1. Consider only pairs whose beta carbons are under 7 Å apart and that are at least six residues apart or on different chains; among these, list those whose first residue lies in the stretch 271-296 and is closer than 20 Å to Ala211 by Cβ and whose second residue is small (Gly, Ala, Ser).
2. Quick check, is Arg174 charged (D, E, K, R), more than 30 Å from Pro114 (Cβ to Cβ), touching an Asp or Glu at 6+ places or on another chain (Cβ under 6 Å) and assigned to a strand (DSSP E or B)?
3. Could you check, for the stretch 244-255, whether at least one of its residues is surrounded by 14 or more Cβ atoms within 10 Å (Cβ to Cβ), touching a residue at least 60 places away in the same chain (Cβ under 8 Å) and either out of contact with any Leu (no Cβ under 9 Å at 6 or more places or on another chain) or part of a loop (DSSP other than H, G, I, E, B) (or both)?
4. Name the residue that is nearest to Leu92 (Cα to Cα), counting only residues in the stretch 111-152 that are outside any strand (DSSP E or B) and in contact (Cβ under 8 Å) with a residue 40 or more places away in the chain.
5. Suppose we filter Gln171, Gln202 for residues that are touching a residue at least 12 places away in the same chain (Cβ under 8 Å) and touching a helix residue (DSSP H, G or I) at 6+ places or on another chain (Cβ under 8 Å); which single one remains?
6. Filter the stretch 156-176 for residues that are buried (at least 16 other Cβ atoms within 10 Å of the Cβ) and more than 16 Å from Asp126 (Cα to Cα) and give the result.
7. Please indicate, with yes or no, whether at least one residue in the stretch 182-194 is in contact (Cβ under 8 Å) with a residue 12 or more places away in the chain, farther than 23 Å from Phe108 by Cα and within 21 Å of the chain's Cα centre (by Cα).
8. In this structure, is Val85 without any contact (Cβ under 8 Å) to a residue 24 or more places away in the chain and touching a His at 6+ places or on another chain (Cβ under 7 Å)?
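Derivation of every value follows stated rules applied to the coordinates shown; laboratory data play no part. In this text, all values refer to a predicted model and were calculated from it rather than measured experimentally. Here the Cβ is made from the backbone with ideal geometry for all residues, glycine too, and neighbour counts use every protein chain on show.
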Amino acid sequence: MRFVLGLIIIGAMFCAYWGGASYVLRHEHGRLAAKDVQVSDVAVTGFPLRFDLTAARPALPALGWSAAWLRATLPSYWPFRAEGVLSGTQTLMQRGTEWQVSGGDMPFSLNSDPALRLNAAQLRGDALRLTGPGATLAVDQFEMTLSPADIPSRRNLTLSLQDVTSSALPQPLRRATLDAMLEFDHAPDLRGTAQLATITLQDSFLEWDGARIGLDGTATLRDDRRLDGQITLTVTGWRTMLAQMQATGLIPPDQAPMVQMMAASMSNGDDLILPLAMDASVLSLGPLVLFDLGRF
């Protein structure tokens, strides 16, 4: 009898836990605006073993990102690990320009500890299209992974793209990998209180048929959300790349001889090493200003 009574009490406590937690999940989105997170509506099902969340129009306004739907599943016995998908068209707003990301569902996963410190995350996608004013970018495979590093305030970020095509590229980009060490002022968490301090590029590259660009360097995030630092580009097969850029019109014919001469004077055989300075997010090669990366 005591055993049965104990089971009833435990069951009642678990039901109260699930009901209370689901209530918080359904109504917490009303408080998220102060945390730079927006959600239109949240539905919770999955009793008793899961919390199945469906969020309509999730958005991160500070990053200029929004999506049509987010669906996630959290085990009710350990609600610190989530798996789900981003569905529908996503929108990226950068510098007043809107870009649309379309394609199939994008699976994601998040893993934190009971203190809500973000330990790991992953986002994947296949056959994606990025469409903006006068340009379309097609990506065959996309994957972004965040993983633990050597100390709690650091995370490893890996971004991988496979088979990228666009009219803005001299030829299809076979592979692109961004491998970076992110350092925050303290361990990043799901509350979004950690501030990014330093980005260190390592083993990052862009790869075409016959040409490759390697990137390494370090950038520090300033109080105004702009970057200062040094980035070194190592272009292998630079003659092939310049020929392709000239053939596609990215380098005007009247400027091609000057660009070829400058590249030859700075190269070491087949390698062209370009040390870029970054001041307030503005990239420059010596006195030549290239472009502004904006705020982060």
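1. Leu272/Ala263; Leu276/Ser284; Leu290/Ser284
2. Spelling it out, Arg174 is indeed charged (D, E, K, R), more than 30 Å from Pro114 (Cβ to Cβ), touching an Asp or Glu at 6+ places or on another chain (Cβ under 6 Å) and assigned to a strand (DSSP E or B).
3. Kept after step one, since they are surrounded by 14 or more Cβ atoms within 10 Å (Cβ to Cβ), are these residues of the stretch 244-255: 244-246, 251.
In the following step, the residues that additionally are touching a residue at least 60 places away in the same chain (Cβ under 8 Å) were identified as 244-245.
Filter once more, so that each one left must be either out of contact with any Leu (no Cβ under 9 Å at 6 or more places or on another chain) or part of a loop (DSSP other than H, G, I, E, B) (or both): 245.
Yes: one or more hits.
4. Our first condition is that a residue be outside any strand (DSSP E or B); within the stretch 111-152, this holds for 113-116, 133-134, 149-152.
In the following step, the residues that additionally are in contact (Cβ under 8 Å) with a residue 40 or more places away in the chain were identified as 115-116.
Numbers: Ala115: 30, Leu116: 27 Å.
So, considering only residues that are outside any strand (DSSP E or B) and in contact (Cβ under 8 Å) with a residue 40 or more places away in the chain, the one nearest to Leu92 (Cα to Cα) is Leu116.
5. Gln171
6. Asn156, Leu157, Thr158, Leu169, Pro170, Gln171
7. yes
8. Details: without any contact (Cβ under 8 Å) to a residue 24 or more places away in the chain: yes; touching a His at 6+ places or on another chain (Cβ under 7 Å): no.
Criteria not met by Val85.
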